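Here the structure is laid out as structure tokens; the discussion comes afterwards.
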Amino acid sequence: MPALAAGVETSPEPVDDATLVEIFSRLRAADPEPRSELEYLNPYTLLVAVVLSAQATDKSVNLATAPLFAIADTPQKMLDLGEEQVRHFIRTIGLFNTKAKNVIALSRILLERHGGAVPCEAEALEVLPGVGTKTASVVLNVAFGVPRIAVDTHIFRVSNRIPLFSAATTDKVQAGLEARVPEPFRLNAHHWLILHGRYICKARRPECPRCSIADLCRYPSKTTALTPISAGD
């Protein structure tokens, strides 16, 4: 089970239901149609991009996948390209050797078991090499419109800070959020929270003065001014 217990910050009790609705209402008002920052062409390339994004930035993944997906946007084309060439295309991404093996292996399984299509069931996705709960949830949400709330380090931090739902593991936070977030907000909740964590509720220097939900957040260590980032940070 994925765990990020070391990053859990002490927080008060989670916000009540009315506050939860107000938080998501404001996030929706600011960004009515949020989108993934990973670039993809179809469910297959989305799956590959999410697998590659583990311990990597979306920007670095997009730089690597743009030329890769231009010539290999299906499982068969990826197999035809071969592991060595896949490794060449993604060599700038961390763990590229393992990820290249996983991309080839999952492409083969998709062809053998699913006729080359990406399945829309969590169980079928999670048995693919390099795919866990988070990756499966992202694919289900983004490619198939399933209201799953994949939890990465940003969402884990935001949920525990506000707090929306407090827990010591990503799986527990995901289960808690999916149970708490009202249905009208559930489909886009993953995007709103990840973008909020990436650009506002940052790990080291949360930008509370420009946060649209700062007055609703119960995080006890809010910043009162934007601190310039020194060289090397």
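The values are calculated or read from the model by the stated rules, or taken from the named source; none is laboratory data. Here the structure is a predicted model, which is why all the values come from computation and not from measurement. Here Cβ is always computed from backbone atoms with ideal geometry, including for glycine, and neighbour counts include all displayed protein chains.
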If Pro209 satisfies every condition in (1) closer than 23 Å to Val50 by Cβ; (2) in contact (Cβ under 8 Å) with a residue 12 or more places away in the chain; (3) part of a helix (DSSP H, G or I) but one, which is the exception? (1)
Test: residue in segment 2-12 that is modelled with pLDDT of 95 or more and either touching a strand residue (DSSP E or B) at 6+ places or on another chain (Cβ under 8 Å) or under 21 Å from Thr135 (Cβ atoms) (or both): no
Going through segment 154-163 one residue at a time, which ones are within 12 Å of the chain's Cα centre (by Cα) and crowded, with 21+ Cβ neighbours inside 10 Å? Ile155, Phe156
Wholly within segment 72-189, helices (runs of 4 or more DSSP H) carrying at least 1 residues that are more than 30 Å from Val21 (Cβ to Cβ): 75-81, 83-89, 96-114, 122-126
Restrict the check to segment 218-231 and report whether at least one residue is crowded, with 19+ Cβ neighbours inside 10 Å and not assigned by TED's automatic domain parsing to the domain that holds Ala105. yes
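Okay, residues lined up against (1) surrounded by fewer than 16 Cβ atoms within 10 Å (Cβ to Cβ); (2) over 13 Å from the mean Cα position of the chain (by Cα); (3) more than 30 Å from Pro75 (Cα to Cα):
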{"site": "Val127", "(1), (2), (3)": "yes, yes, no"}
{"site": "Val146", "(1), (2), (3)": "no, yes, no"}
{"site": "Asp152", "(1), (2), (3)": "no, no, no"}
{"site": "Leu177", "(1), (2), (3)": "no, yes, yes"}
{"site": "Arg186", "(1), (2), (3)": "no, yes, yes"}
Six or more apart or on different chains, Cβ under 7 Å: which pairs go from a residue in segment 25-52 that's under 15 Å from Leu140 (Cα atoms) to one that's buried (at least 16 other Cβ atoms within 10 Å of the Cβ) and of a type in the set (Gly, Ala, Ser)? Could you list them? Leu38/Ala49; Leu38/Ser53; Tyr40/Ala49; Pro43/Ala143; Leu46/Ala143; Val51/Gly130
When Asp152 is run through (1) under 26 Å from Arg35 (Cβ atoms); (2) not assigned by TED's automatic domain parsing to the domain that holds Leu164, the failure sits at (2)
Could you pull out every one of the helices (runs of 4 or more DSSP H) wholly within segment 16-71 that has 1 or more residues that are of a type outside the set (Gly, Ala, Ser), out of contact with any Lys or Arg (no Cβ under 6 Å at 6 or more places or on another chain) and not assigned by TED's automatic domain parsing to the domain that holds Glu183? 43-52, 58-71
